[in-house]
Amino acid sequence: MKKHSKIVFSLLLALLLSFCCILGGCGDSSHEHTFNTEKWKYDENTHWNPATCGHSKAKGNESAHVFGAGNTCVVCGYEMKDASTHTHTFETDWTYNQTYHWKAAACGHAAKSETAMHAFNGDGVCACGYKSDHAHTYTKGYIYNAASHWHVCDICNVRTEKEDHIMSNGSCSVCGYQVSEPVGSTDNYDTYYEIFVYSYNDTDDNAIGDLKGITQKLDYIHDLGYTGIWLTPIHPSPNNNHMYAVSNYYGVNWKFGQMEDFDELVTEAHKRGIKIILDMVFNHSSSNTIWFQEGRQAFVQGDTTNRYYDYYNFSATPKTGYANYGENQYAEALFNSSMPDLNFDSVALRDELENVMRFWLMDHNVDGFRLDAAKHYYGPSSSPDHVKSAETVKWINDTAKSYKPNAYVVAEVWDSANTIKSYYTRSGSDSFFYFPAAMDASTGKTPRASGDIAQAVSSSNPGTFFNSMLNAYNAAAGHIPAPFMDNHDTNRIASGLGEDKEKIKFAYGLLSMYTGTTFTYYGDEIGMIGQRTSGSTDAERRFAMLWDETVPPQIVVDNFQNLYAFPGAIQQLADAASILNYYKQCNRARNSYPELLRGKPEKISESNGVLVFSKTYNGQTVKVAINFSKSEQTVTVAGASLQMSICATGSVASSGSTLTMPRYSIAILK
């Protein structure tokens, strides 16, 4: 009887596990999993073969392969390399970051003692009495949000004065410190951080980045000085990682979390003065959405009363740019058959998309949208109808602002400066990404500096940079320029500049001097590399964010090995000369001098590789000197004194209005 009970229990348990898998544990139960028998993954108890399809919770040989004494599998002899079931021994000295202190494992494993309960307070003192053994120094100036301002230690980022120094309308009630422009602008001139959600931060150990992971890193993003976040698509999608084929515009992809997780992210971001904009893929949807499935059936049946009948452009005969979905069933699909194009001539579709915008702006309090593939709203890929597509962007922008007047809309029009300008003038929308400044999407193993910024750095050419900055300003036609260096579709700037640390820093310094709202791709702040070397996947441009170089991320995109050229974020926070801390200086300049974001660039001089220009906003003028040359230069900037310098190496010395500038340095004067 006991034997039968055990069998019944086992069967019930198996059914329960299968049911859980169907609900989302495995990610997809519609096929039989196969496993990579040449590769092992492991935890402290067992090891297993990962599923070849990428579903992280499907595991092969898990129950049979168990570790015994000595970290060796009792079945096959496989030896565990960086986790352990033995009792760890720890060093006697403390290691610390800005949050915790611990003793590292003396046995060589990544185990840490006591981090959870040994946390520093604002003075760098732990509840146990331990105090970090360096003298705190504060040379970076104030960091602030709408509520308070504070200093952070140059070495460990311990904060001081935050609780006592309270901000009100940009002014401190304790010391009188005045912020020239609040973090998180009211006019949509901001400094944005793009997050490819799948690759950013995994909090539930399923090797997929998630929304909670972004919420967990909001203090990090805020301390970097960013005032906005652009999230790549978060909606349900059959795609494995990029999610640009949306199957439900009103939902959150289960891989990334729940709607409650998203609402918490928005709430916590807003507390820190950070805006959230969503990637809206209105050019096309997934072919497995109810819109397309019912619309296709209605087309076959000739049911013009079906609400989805004209959401798409269907045809009974083949046409250029149309994909086949069955006998006498074709639909326009610019990119591929899994992403049929939406039909903006449909009144019913526009009503639906208006409701989508209202849902996210009003019900879930997002701050705006990034519009994917906006130039393809009308016309074939080879010759888009820019006039009708721009009119559609105008409709989207106007509709969004009818619900939230300050909603920010930035659109992707991957084209020349003249074409981008035509979209600004025809649509009146806030922003269009300025692609001429950015890296391209070429394939190859040889690094190539493409785009105005990378070319200006690699050629030490001030003229290339100033012309680009001015062209971006003029293209915006009185609206907000949106310059950037790279994104999830392009090669990364660090790869384009040959992984040269000083050049990588300098490139971001140049981006920070552009007028408008800039966009930074996650990981650029630590010099992450990424370049498509072959094939048709962008996985090499979307490696997992490296938080700690001692703990390699488990996130892997399309089975491409993560590659890094520089240390992780934790290591760079502790290094005053790191790329990350250079980025923080640049963002502090943008947050401190509103003229940089809003003023028109006016050239003053250009000599010996040093460019001097000015920007004026609201009656205030800043002057900027930039040394593009590879050697120290001296320049005189009349009628202004040094306020701040940003240097890839060395420091700027000033004597009155005369500056001595190391290579790749920037000086801000008033």
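Out of all the residues in segment 195-217, is one or more within 22 Å of the chain's Cα centre (by Cα), modelled with pLDDT of 75 or more, open to solvent by less than 20 Å² (accessible area, probe 1.4 Å) and acidic (Asp, Glu)?
Quick first cut of segment 195-217, residues within 22 Å of the chain's Cα centre (by Cα) only: 195-217.
Checking which are modelled with pLDDT of 75 or more leaves us with 195-217.
Filter once more, so that each one left must be open to solvent by less than 20 Å² (accessible area, probe 1.4 Å): 195-201, 206-211, 213-214.
Adding the requirement that they be acidic (Asp, Glu) leaves 210.
The answer is yes; a qualifying residue exists.
Within segment 483-514, take every residue that is basic (Lys, Arg) and buried (at least 24 other Cβ atoms within 10 Å of the Cβ) and give me the one that is farthest from Thr443 (Cα to Cα).
Of all residues in segment 483-514, those basic (Lys, Arg) come to 492, 501, 503, 505.
Going one step further and asking which of them are buried (at least 24 other Cβ atoms within 10 Å of the Cβ), we end up with 492, 505.
Numbers: Arg492: 12, Lys505: 24 Å.
Filtering first and then ranking leaves Lys505.
Which condition breaks for Leu563 when tested against (1) aliphatic (A, V, I, L, M); (2) without any contact (Cβ under 8 Å) to a residue 40 or more places away in the chain; (3) within 25 Å of Arg663 (Cβ to Cβ)?
Every listed condition holds for Leu563 apart from (3).
Go over the candidates Ala316, Ala333 one by one and state the one that is small (Gly, Ala, Ser) and in contact (Cβ under 8 Å) with a residue 40 or more places away in the chain.
Working: Ala316 fails: in contact (Cβ under 8 Å) with a residue 40 or more places away in the chain.
Residue meeting the stated conditions: Ala333.
What pairs come up if the first residue lies in segment 566-583 and is farther than 19 Å from Tyr226 by Cβ, the second is at pLDDT 95 or above and basic (Lys, Arg), and their beta carbons are under 9 Å apart, counting only those six or more places apart or on different chains?
Final answer for the pair search is Phe566/Lys501; Ala577/Lys501.
What about Tyr521, is it modelled with pLDDT of 95 or more, in contact with a Cys (Cβ under 9 Å, 6 or more places away or on another chain) and within 29 Å of Thr203 (Cβ to Cβ)? Write out each step before concluding.
Values: modelled with pLDDT of 95 or more: yes; in contact with a Cys (Cβ under 9 Å, 6 or more places away or on another chain): no; within 29 Å of Thr203 (Cβ to Cβ): yes.
In short, no.
Within segment 316-338, is there a residue that is open to solvent by less than 20 Å² (accessible area, probe 1.4 Å), in contact with an Asp or Glu (Cβ under 9 Å, 6 or more places away or on another chain) and over 22 Å from Ser237 (Cα atoms)?
First pass over segment 316-338, keeping only residues open to solvent by less than 20 Å² (accessible area, probe 1.4 Å): 323, 331, 333.
From the residues that got through so far, the ones that are in contact with an Asp or Glu (Cβ under 9 Å, 6 or more places away or on another chain) too are 323, 331, 333.
Now narrow it down to the ones that are over 22 Å from Ser237 (Cα atoms): none.
No, segment 316-338 contains no residue that is open to solvent by less than 20 Å² (accessible area, probe 1.4 Å), in contact with an Asp or Glu (Cβ under 9 Å, 6 or more places away or on another chain) and over 22 Å from Ser237 (Cα atoms).
Considering only residues that are of a type in the set (A, V, I, L, M) and surrounded by fewer than 19 Cβ atoms within 10 Å (Cβ to Cβ), look in segment 575-614 and name the one that is farthest from Met469 (Cα to Cα). Lay out the reasoning, then the answer.
Start the filter on segment 575-614 by keeping residues that are of a type in the set (A, V, I, L, M), which leaves 576-577, 579-580, 589, 596-597, 604, 610-612.
Among the residues that remain, those that are also surrounded by fewer than 19 Cβ atoms within 10 Å (Cβ to Cβ) are: 576-577, 604.
Numbers: Ala576: 29, Ala577: 27, Ile604: 14 Å.
Across segment 575-614, the extreme among qualifying residues is Ala576.
How many residues, within segment 290-319, are in a loop (DSSP other than H, G, I, E, B) and farther than 19 Å from Ala373 by Cα?
Residues of segment 290-319 that are in a loop (DSSP other than H, G, I, E, B), as a first pass: 302-311, 313, 316-319.
Keeping just the survivors that are farther than 19 Å from Ala373 by Cα gives 302-310, 316-319.
Counting residues in segment 290-319 that are in a loop (DSSP other than H, G, I, E, B) and farther than 19 Å from Ala373 by Cα gives 13.
Can you list the helices (runs of 4 or more DSSP H) lying wholly within segment 371-475 that have 1 or more residues being crowded, with 16+ Cβ neighbours inside 10 Å and touching a Leu at 6+ places or on another chain (Cβ under 8 Å)? Full working, then the answer.
Numbers: elements: 386-403, 417-427, 452-459, 462-475.
Helices (runs of 4 or more DSSP H) meeting the threshold: 386-403, 452-459, 462-475.
Residues in segment 407-455 that are of a type in the set (Lys, Arg) and either modelled with pLDDT of 95 or more or in contact with a Cys (Cβ under 7 Å, 6 or more places away or on another chain) (or both): how many? I'd like the intermediate steps shown before the answer.
Our first condition is that a residue be of a type in the set (Lys, Arg); within segment 407-455, this holds for 421, 426, 445, 448.
When the remaining residues are screened for being either modelled with pLDDT of 95 or more or in contact with a Cys (Cβ under 7 Å, 6 or more places away or on another chain) (or both), the result is 421, 426.
Residues in segment 407-455 being of a type in the set (Lys, Arg) and either modelled with pLDDT of 95 or more or in contact with a Cys (Cβ under 7 Å, 6 or more places away or on another chain) (or both): 2 in total.
Looking only at helices (runs of 4 or more DSSP H) that lie completely in segment 169-281, which have at least 2 residues being closer than 30 Å to Arg588 by Cα and of a type in the set (S, T, N, Q)? Spell out how you get there, then give the answer.
Working: elements: 211-216, 218-224, 259-271.
Here the list reads 211-216.
Results for (1) within 20 Å of Ile646 (Cβ to Cβ); (2) out of contact with any Ser or Thr (no Cβ under 8 Å at 6 or more places or on another chain), shown as yes or no for each residue.
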{"residue": "Phe543", "(1), (2)": "no, no"}
{"residue": "Pro553", "(1), (2)": "no, yes"}
{"residue": "Asp558", "(1), (2)": "no, no"}
{"residue": "Gln561", "(1), (2)": "no, yes"}
{"residue": "Tyr564", "(1), (2)": "no, yes"}
{"residue": "Gln572", "(1), (2)": "yes, no"}
{"residue": "Asp575", "(1), (2)": "yes, yes"}
{"residue": "Asn581", "(1), (2)": "yes, yes"}
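The values are calculated or read from the model by the stated rules, or taken from the named source; none is laboratory data. If you're wondering where the values come from, they're calculated on a predicted model, not measured in any experiment. Note that each Cβ is placed from the backbone with ideal geometry, even for glycine, and that neighbours are counted across all protein chains shown. Protein only, heavy atoms only, side chains kept; ligands, DNA and RNA dropped before computing areas. Shrake-Rupley method; radii C 1.70, N 1.55, O 1.52, S 1.80 Å.
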